[in-house]
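Trainee: So that we are looking at the same thing, I have put the structure below in structure tokens.
Coordinate-derived values only; no laboratory data. Keep in mind that this is a model prediction, so the values were computed, not measured. All Cβ positions, even for glycine, are placed from backbone atoms using ideal geometry, and neighbour counts span all protein chains on display.
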Amino acid sequence: MADRLAGVALARYTTLRTGGPARAFAEAATTGDLVAMVAEADRDKEPVLVLGGGSNLLVGDDGFGGLVVRVVTRGVESAPDGDGRVFVTAQAGEDWDALVARCVAEGLSGVECLSGIPGLVGSTPIQNVGAYGQDVSQTVTGVRVYDRRTGEVADLTAAECGFAYRHSAFKQDPDRHVVLAVTYALERSALSGPVAYRELAARLGVEIGERVPLAEAREAVLELRRGKGMVLDPGDPDTRSAGSFFTNPVLGPDEAAALERRAPGHPRWDMPGGSVKVPAAWLIENAGFPKGYEKGRARISTKHTLALTNPTGEASAGELLALAREVRDGVHEKFGVWLVNEPVLVGASL
Ligand SMILES: Cc1cc2nc3c(=O)[nH]c(=O)nc-3n(C[C@H](O)[C@H](O)[C@H](O)COP(=O)(O)OP(=O)(O)OC[C@H]3O[C@@H](n4cnc5c(N)ncnc54)[C@H](O)[C@@H]3O)c2cc1C
């Protein structure tokens, strides 16, 4: 097993560039090591943080008082089912966007709109990553996990993953499963899935529901994302973020009616059962927080209202949290809606 290092600064391993030291830090290059490290820490009652690309984490300034296991396992296998589908199984430590690029190059359709999302394969089921009309719940058929409660390796079906909007059974019960590998069922096709997102359809010059060559879909998504600072780029300070900091709130009928009274005609997506999903970016801007709004050394992205950034890399977690609280409280005061953070907070709370 890899050596355990003491006092490694976690800011180096998160895209928000915050986070104090880990009491212990180790890299797991094989699934066996990953399972053994977590099992040993659990036996010793030592807290564990499983770390992927650190792109959906806000780690507090005091760091993590336990073992951080960074997942660096590698391997991708493909198995055609003879019926036009290919099951692609990737180890948790594979880079997500490299896997998407490979699928696009190999003529496998189903994840092309998830191009440019940072992080690792093993994290994609955690919050059911999604963008531009796709999310992984549409393609994941199975997740191999180490179940810390039973001490066994198990294969979960998609239904057992409990996928919902930016949510899953893994996020619900965060200390239970370590994701070891994920299987995606993709269609062998030169064409993308039906384009389901208006902005993407407009960029591609097609109607909703049309399909386009895979590489065109990927390029259009990457262009749109770059314009919003949503593709990691060391030269773009707006990308020192954890992506969207708040999820779009989903309001039940009563809450929706209350918001309609405060903000008649506000933008919304209608959901089943009379619920509505409201764009958090609209709420934030209309509560008085424009792009580029600063508090201390933390800033709302100059390109995308939903991303809180650490533009110089010098803001503390405390400064980012202070900005997040100000935005959350301001939206609540103006609209009566509580925004919920999307990144996982470690040693920090809003
Ligand atoms: C610029 C930018 C753009 C983004 N755009 C999007 C977007 O469009 N859509 C979207 O959904 N997200 C987006 N994100 C958020 C983020 O990239 C995704 O959530 C990604 O899946 C996180 O992967 P990661 O490997 O970096 O996870 P980490 O940040 O390392 O971890 C996130 C959580 O998952 C847990 N975890 C990680 N690996 C495992 C594992 N193997 N087993 C168990 N638990 C694990 C961690 O403990 C933590 O709780 C964006 C982030 C940035 C910085």
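Trainee: Mind sorting ARG218, ARG12 by how few other Cβ atoms lie within 10 Å of their own Cβ, fewest first?
Mentor: By the 10 Å Cβ count, ascending, the order reads ARG12, ARG218.
Trainee: Something else now. Measure out, as a whole number of angstrom, how far apart the alpha-carbon centroids of the stretch 168-190 and the stretch 257-298 sit.
Mentor: Cα centroid to Cα centroid, the span is 30 Å.
Trainee: Additional query: Express in whole angstrom the spacing between the alpha-carbon centres of the stretch 86-137 and the stretch 301-327.
Mentor: A separation of 27 Å, based on Cα centres.
Trainee: Also, I was wondering about something else. For every helix of n ≥ 4 consecutive DSSP H residues, a contribution of -39,500 (n - 2.57) applies; sum these over the chain, divide by its total residues, and give [θ] at 222 nm rounded to the nearest 500 deg cm²/dmol.
Mentor: For the chain, the value works out to -7000 deg cm²/dmol.
Trainee: Same structure, new question: Would you list which lysines come within 16 Å of LYS291, measuring only between C-alpha atoms, while excluding same-chain residues fewer than 8 positions from it?
Mentor: Partners found: LYS228, LYS303.
Trainee: Give the order of THR18, THR312 when sorted by the count of other beta carbons within 10 angstrom, beginning with the fewest.
Mentor: Lowest to highest Cβ neighbour count: THR312, THR18.
Trainee: Same structure, new question: Taking 0.36 nm per intervening residue step and subtracting the Cα-Cα distance, what contour gain separates GLU219 from ASP173 on full extension?
Mentor: 13.0 nm
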